[in-house]
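Student: Just dropping this structure here.
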Amino acid sequence: MDDATFDRLVSEDVKNLLPQEKSDYLRLPENLNRWKDSLLELIENLDEQISELTQDEKTAIESLPSRMVTEYKINSDEKKTKISRFRFYVMQKISECEKLLALGDDTDESLASFLTKAIQEHKKLMSENGFEPTPIDLALWSSINGDWSFIDMERKLKPWVD
């Protein structure tokens, strides 16, 4: 399938207009990275559209008579609202795609494995960005080893809250 056709499928999937078999096609393990790339391109395009509308609005305010500016601004705001709403749904699909990618090709992989990967990624990002772990973070990280460290959390958090 060529890129233009695939991108069209992705866009229609965001709008929930695809038949189930085509929606399932996007979610096949071999298509996940392509699906994600297409969604990211779509986000970039939507962001550009919003930016262009904002710039056009600034130009219109400077050059149009005041009686026309209000109408132009209303139309522009309506377009930006529609684009932003569609962007929200694209972001939901990106989240779904990221989850499927994190689960990997093994469809028998459990939710526990997915959550373990999420906790490990959280720990890695905290470390890479120099964030000091809170007692909540430490308890979460220890859960990977089967330890429930959320006991007496109120006392552990007291120095953080005060």
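Every number here is computed from the coordinates shown, using simple stated rules; none is lab data. What you see is a predicted model; the values in this text were computed from it and never measured. In this analysis, Cβ positions are derived from the backbone assuming ideal geometry, glycine residues included, and neighbour counts consider all displayed protein chains.
Student: Using Cβ counts within 10 Å as a stand-in for footprinting exposure, how do Ile136, Ile83, Ile74 rank, fewest first? Mind showing how you got there, number by number?
Tutor: Details: Ile136 14, Ile83 17, Ile74 10.
Ranked by crowding around the Cβ, least crowded first: Ile74, Ile136, Ile83.
Student: For semi-axes √(5λ) of the Cα gyration tensor in Å, one of [x] 23, 17, 15; [y] 33, 15, 12; [z] 41, 28, 12 was computed from the structure I shared and the rest are decoys. Which label?
Tutor: Structure-derived value, by its label: [z].
Student: Hey, another quick one. Taking θ as phi - 60°, what are the ³J(HN,Hα) couplings along the range 148-162 by the Karplus curve (6.51, -1.76, 1.60), each to the nearest whole Hz, with x for Gly and Pro?
Tutor: So the J values, rounded to whole Hz, are 9, 9, 8, 6, 6, 5, 4, 5, 5, 8, 3, x, 7, 7, 5.
Student: By its C-alpha gyration tensor, with a ≥ b ≥ c as the square roots of the eigenvalues, how is the range 76-162 shaped: rounded for a/c under 1.5, else prolate for a/b larger than b/c, else oblate?
Tutor: Numbers: a/c = 2.88, a/b = 1.48, b/c = 1.95.
Oblate, since a/c reaches 1.5 and b/c is not below a/b.
Student: Let me ask you something else. Give a quick list of chymotrypsin sites (Phe, Trp or Tyr not before Pro) in the range 40-95 that DSSP marks as loop, anything other than H, G, I, E or B, with at most 10 other Cβ atoms within 10 Å. Before the final figure, lay out each step's value.
Tutor: Numbers: sites: Tyr72, Phe86, Phe88, Tyr89; in loops: none.
Qualifying residues, ordered by number: none.
Student: In the Gaussian network model of the chain, springs joining C-alpha atoms below 10 Å, which of Ser143, Ser84, Ser113 carries the largest mean-square fluctuation?
Tutor: Ser143
Student: With runs of 4+ DSSP H residues as the only contributors, calculate the mean residue ellipticity of the chain at 222 nm using -39,500 (n - 2.57) per run, divided by the residue total and rounded to the nearest 500.
Tutor: Numbers: 7 runs with 124 residues, N = 162.
So the calculated ellipticity at 222 nm is -26000 deg cm²/dmol.
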